[in-house]
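The values are calculated or read from the model by the stated rules, or taken from the named source; none is laboratory data. Quick caveat: nothing in here was measured; it's all calculated off a predicted structure. Note: ideal-geometry Cβ built from the backbone for every residue, glycine included; neighbour counts use all protein chains shown.
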Amino acid sequence: MEFEAVIGLEVHAQLSTQSKIFCACSASFGAPPNENTCPVCTGMPGVLPVLNRRVVEFAIRTALATSCEVQKKSVFARKNYFYPDLPKAYQISQYELPLALAGHIDIEANGAAKRIGITRIHMEEDAGKLVHEGEFAGAQASLADLNRCSVPLMEIVSEPDLRTPEEAGAYLRRLHDVLVYLEVCDGNMEEGSFRCDANVSVRPRGQKEFGTKAELKNMNSFRNVEKALEHEIRRQIDWIEDGGKVIQETRLWDAAAGVTISMRGKEEAHDYRYFPDPDLLPLVVDDAWVEELRKTIPELPGEKIARLESAYGIPKYDAGILSSSRALADFFEASAAFYGGNPKVTANECIHWKDAAVSGKLSPETIAHAVEDRESGAISATVSKKLVELAIETGRPIRSIRDEKGLTQVSDAGALEEIVSRILAANPKEAESYRGGKTGLLSFFVGQVMKETRGKANPKIVQEVLRKKLG
């Protein structure tokens with residue numbers, strides 16, 4: 001029997017606000033344990049949460065960028081559960097009435113385009129985290145760091161439209177790029193700013209009914225999501241083929257062992273006893289605010305890829321790499337504006353030096369001048385690389401370094417003919433052997449000319465002159 005997977009993804013994105021969602025504590029990452037806390041975010045008796053307007057703005061902009069319908073009325077609810085890093089014993093989230101519904105993300109995977117539906121986008125607060133270290137009374141100790149309590153989260157839930165790990169990876173990468181383009185999330189997966197849980201089941205191909213799903217957690221990279229899905233799909237198929245029955249559960253991904261491990265039975269909504277938060281009024285969003293925020297949506301990755309490909313004639317693959325970072329795409333266009341002779345070469349250089357370009361260690365002028373000088377024959381590819389490295393190290397203009405170090409390439413055929421004539425006269429046996437059919441000796445003569453000119457001769461012009469002289 002042939003099986004297919006059914007995959008849905010739940011992405012939790014930490015929003016890049018200065019303060020938390022319901023209090024004025026800092027939402028920054030990396031502070032000493034329990035420093036960014038107050039009675040509100042730790043749920044002390046008698047305190048009242050106050051909604052951060054910026055959080056709502058970020059969530060609405062994300063909804064608009066993913067073609068969701070922003071709801072005029074949404075409600076915050078309490079999601080009740082006990083965990084040591086959740087001092088309130090409930091999490092403020094949205095349940096029956098979320099902020100946004102029915103959007104989509106367009107992806108490309110396995111050479112085909114596909115539209116992945118988005119079920120909902122809602123806002124919620126994050127929980128703290130446990131740090132497992134040391135021992136207490138002879139047992140492993142777990143310490144609670146509550147800095148992350150009430151850091152604003154946006155949960156983006158996809159439709160179960162994904163069928164392969166490759167599609168899941170493509171969806172996550174595109175959604176990640178959209179959030180970073182919008183500047184609503186920094187996308188740092190190592191710090192937990194962009195986290196993903198995956199629901200996966202298998203069914204006989206052609207069957208409409210879904211199989212029993214497992215929820216996968218603890219995946220901190222795109223590649224780990226793909227690997228975890230590959231393993232879990234294979235596990236479920238093998239289990240069914242051996243006569244077993246898949247159970248609904250939550251499983252952890254063990255990256256070191258390359259396997260998923262059962263964690264607990266999957267909770268249902270009633271397990272959390274959701275009810276509207278009595279301390280927060282319903283959120284009402286008017287059309288004028290939505291339209292005002294719509295004007296702030298920048299050109300998004302999919303649109304940018306298509307435009308770069310069309311406007312500059314570069315391959316879609318290159319346009320995709322450039323558009324993976326808004327800063328890198330802007331850097332490329334600035335470089336091409338300085339010198340538009342060959343956008344493909346400019347794109348290659350921007351991609352090669354992308355880390356320095358995005359970090360501000362490299363200027364668009366440097367890349368433009370490097371490409372222009374290579375195209376004109378003023379410098380070689382090797383010298384170009386050396387000059388760019390020096391420009392990054394020193395912060396000086398690339399052409400000033402070139403002239404100061406005398407690295408301009410000799411491309412004057414007349415000047416090179418004199419040098420070639422001397423080389424051939426000094427190596428008559430090799431010249432005769434070349435004329436006798438040993439054409440591989442051409443590289444020998446090129447090397448001699450490069451040695452004579454201290455590497456400044458244009459190899460292409462040298463070869464042309466040599467072939468002409470050797471007849």
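Somewhere in the stretch 284-296, is a residue surrounded by 15 or more Cβ atoms within 10 Å (Cβ to Cβ), assigned to a helix (DSSP H, G or I) and of a type in the set (Lys, Arg)? No, the stretch 284-296 contains no residue that is surrounded by 15 or more Cβ atoms within 10 Å (Cβ to Cβ), assigned to a helix (DSSP H, G or I) and of a type in the set (Lys, Arg).
Looking at the structure I just gave you, is GLU249 closer than 26 Å to PHE194 by Cβ and touching a Leu at 6+ places or on another chain (Cβ under 7 Å)? So GLU249 does not fit the description; no. Determine, yes or no, whether LEU229 is buried (at least 18 other Cβ atoms within 10 Å of the Cβ), within 29 Å of GLN14 (Cα to Cα) and not charged (D, E, K, R). Taking the combined requirement at face value, the residue satisfies it.
Of all residues in the stretch 87-101, exactly one satisfies the criterion of being over 30 Å from the mean Cα position of the chain (by Cα) and among the small types (Gly, Ala, Ser), namely ALA89. Among the criteria (1) in contact (Cβ under 8 Å) with a residue 60 or more places away in the chain; (2) assigned by TED's automatic domain parsing to the domain that holds ASP330, the one SER376 does not fulfil is (1). The residues listed here are GLU215, GLU241; of these, the one that is assigned by TED's automatic domain parsing to the domain that holds VAL178 and closer than 19 Å to GLY265 by Cα is GLU215.
The one condition from (1) in a strand (DSSP E or B); (2) touching a Lys or Arg at 6+ places or on another chain (Cβ under 8 Å); (3) crowded, with 22+ Cβ neighbours inside 10 Å that MET123 does not meet is (2). For the stretch 357-372, filtering for residues that are within 23 Å of the chain's Cα centre (by Cα) and either assigned to a helix (DSSP H, G or I) or surrounded by fewer than 17 Cβ atoms within 10 Å (Cβ to Cβ) (or both) leaves 6. Take the residues in the stretch 440-457 that are over 46 Å from the mean Cα position of the chain (by Cα) and closer than 12 Å to ILE419 by Cα, then tell me which one is modelled with the lowest pLDDT. Going through the qualifying residues, I end up with GLU452. Looking at PHE82, PHE76, which one is of a type outside the set (Val, Ile, Thr), within 22 Å of SER150 (Cβ to Cβ) and without any contact (Cβ under 8 Å) to a residue 12 or more places away in the chain? Going through PHE82, PHE76 in turn, the sole match is PHE82.
When the criteria are applied in full, THR37 meets the requirement of being closer than 23 Å to ASN188 by Cα and buried (at least 16 other Cβ atoms within 10 Å of the Cβ).
In the condition set (1) surrounded by 17 or more Cβ atoms within 10 Å (Cβ to Cβ); (2) closer than 16 Å to SER150 by Cβ, GLY103 is compliant with all but (2). In the set (1) more than 29 Å from the chain's Cα centre (by Cα); (2) in a helix (DSSP H, G or I); (3) under 30 Å from SER310 (Cβ atoms), the condition left unmet by PHE331 is number (1).
When we screen GLY134, GLY128, GLY117 for residues that are modelled with pLDDT under 90, out of contact with any Gly (no Cβ under 6 Å at 6 or more places or on another chain), over 19 Å from VAL184 (Cα atoms) and in the same structural domain as MET44 (by TED's automatic domain parsing), the only hit is GLY134.
Scanning the stretch 135-161 for residues that are over 30 Å from VAL47 (Cα atoms) and not in a loop (DSSP other than H, G, I, E, B) turns up GLU135, PHE136, ALA139, GLN140, ALA141, VAL157, SER158. As a summary of the residue check, PRO98 satisfies the conditions (1) out of contact with any helix residue (DSSP H, G or I) (no Cβ under 9 Å at 6 or more places or on another chain); (2) in a strand (DSSP E or B); (3) at pLDDT 95 or above except for the one numbered (2). In the stretch 304-356, how many are without any contact (Cβ under 8 Å) to a residue 60 or more places away in the chain, more than 22 Å from GLU375 (Cβ to Cβ), buried (at least 16 other Cβ atoms within 10 Å of the Cβ) and basic (Lys, Arg)? So the count comes out to 1.
Within the stretch 162-198, the residues that satisfy the criterion of being in a loop (DSSP other than H, G, I, E, B), among the charged types (D, E, K, R) and out of contact with any Asp or Glu (no Cβ under 8 Å at 6 or more places or on another chain) are GLU183, ASP186, GLU190, GLU191.
So that you can scan it fast, the table gives a plain yes or no per residue for (1) in the same structural domain as ALA102 (by TED's automatic domain parsing); (2) of a type outside the set (Phe, Trp, Tyr); (3) outside any loop (DSSP other than H, G, I, E, B); (4) in contact with a Phe, Trp or Tyr (Cβ under 9 Å, 6 or more places away or on another chain):
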| position | (1), (2), (3), (4) |
| --- | --- |
| GLY8 | yes, yes, yes, no |
| THR17 | yes, yes, no, yes |
| PRO32 | yes, yes, no, no |
| CYS41 | yes, yes, no, yes |
| LEU51 | yes, yes, no, yes |
| ARG61 | yes, yes, yes, no |
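Here ARG454 clears all of (1) surrounded by 12 or more Cβ atoms within 10 Å (Cβ to Cβ); (2) assigned to a loop (DSSP other than H, G, I, E, B) except the condition numbered (1). In a strand (DSSP E or B) and over 22 Å from the mean Cα position of the chain (by Cα), is that true of GLU209? No, not satisfied. Of all positions in the stretch 227-246, none carries a residue that is of a type in the set (D, E, K, R), closer than 26 Å to ARG61 by Cα, in contact with a Leu (Cβ under 9 Å, 6 or more places away or on another chain) and touching a residue at least 24 places away in the same chain (Cβ under 8 Å).
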